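Colleague: Below is the structure I would like to discuss, written out as structure tokens.
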Amino acid sequence: MVPFYVTSLIDCSADDMLNIDQLRLAFASLVSGSTSSNSDNGSLTWYSIESLLAKINHLRALQPRPEAQCNRLELALVSLLPSVSSNDDILLKLLENIEKLIVEEDQPTQRQLLLEAVRDEILHRVSDVQRETVLRWWYSMAKLQDTTGDSNKVKPSIHAGL
């Protein structure tokens, strides 16, 4: 059932279908439901994440890039952070992939939007169970960016609000 819904949601990420809020809520609900089943050791959760990542990477490679759809899917991916709390391995892999998307984003406004979305998820929706893991990742990413000196990649506002 999950693969069908994932495909349907990705298809509905196109223009004039689901808006950002609807897509984020739908993916978060889907992953939260698949995470709570625990009968598959997280494989359905990871399938959902991998499918989103594959579509995002495909869209990022297109010329011209479908910005609105790519933006919706990236924000949907970030919205999964609170939904994977029961599996630290999946949470760490999700954080790693979100970091990769942020670092590889070549458009400063989109990069900043992703950073703000991650910050909002951490501040408002991540559970206490996963907060330490997520904050450790957040600050290590900030430290990494500070030591590389590449202020064009991730702006110092990564520290703001936390």
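Colleague: What about R125, is it touching a residue at least 40 places away in the same chain (Cβ under 8 Å), surrounded by fewer than 19 Cβ atoms within 10 Å (Cβ to Cβ) and closer than 17 Å to V31 by Cα?
Modeller: Against the criterion (touching a residue at least 40 places away in the same chain (Cβ under 8 Å), surrounded by fewer than 19 Cβ atoms within 10 Å (Cβ to Cβ) and closer than 17 Å to V31 by Cα), R125 qualifies.
Colleague: Here are some residues: D88, D120. Which one is farther than 25 Å from N19 by Cβ, charged (D, E, K, R) and out of contact with any Asp or Glu (no Cβ under 8 Å at 6 or more places or on another chain)?
Modeller: From the options D88, D120, the qualifying one is D88.
Colleague: If D89 satisfies all but one of (1) over 10 Å from the mean Cα position of the chain (by Cα); (2) at pLDDT 95 or above; (3) charged (D, E, K, R), what's the number of the condition it fails?
Modeller: (2)
Colleague: With the condition kept exactly as written, say whether any residue in segment 136-143 is aromatic (F, W, Y), in contact with a helix residue (DSSP H, G or I) (Cβ under 9 Å, 6 or more places away or on another chain) and in contact (Cβ under 8 Å) with a residue 40 or more places away in the chain.
Modeller: yes
Colleague: Please pick out the residue among L62, L52, L101 that is surrounded by fewer than 18 Cβ atoms within 10 Å (Cβ to Cβ) and of a type in the set (A, V, I, L, M, F, W, C).
Modeller: Answer to the selection: L62.
Colleague: Looking at L75, L30, which one is surrounded by 16 or more Cβ atoms within 10 Å (Cβ to Cβ), within 25 Å of L113 (Cβ to Cβ), free of Cβ contacts under 8 Å to residues at least 40 places away in the same chain and in contact with a helix residue (DSSP H, G or I) (Cβ under 6 Å, 6 or more places away or on another chain)?
Modeller: L30
Colleague: Condition first: polar (S, T, N, Q) and open to solvent by 30 Å² or more (accessible area, probe 1.4 Å). Now tell me which residues in segment 4-27 satisfy that.
Modeller: Within segment 4-27, T7, S8, N19, Q22 meet the criteria.
The values are calculated or read from the model by the stated rules, or taken from the named source; none is laboratory data. Computed from a prediction, not measured in an experiment: that's the story for all the values here. Positions of Cβ are generated from backbone atoms using ideal geometry, with glycine treated the same way; all protein chains shown enter the neighbour counts. Just the protein is used for accessible areas: all its heavy atoms, side chains included, with ligands, DNA and RNA removed. Shrake-Rupley method; radii C 1.70, N 1.55, O 1.52, S 1.80 Å.
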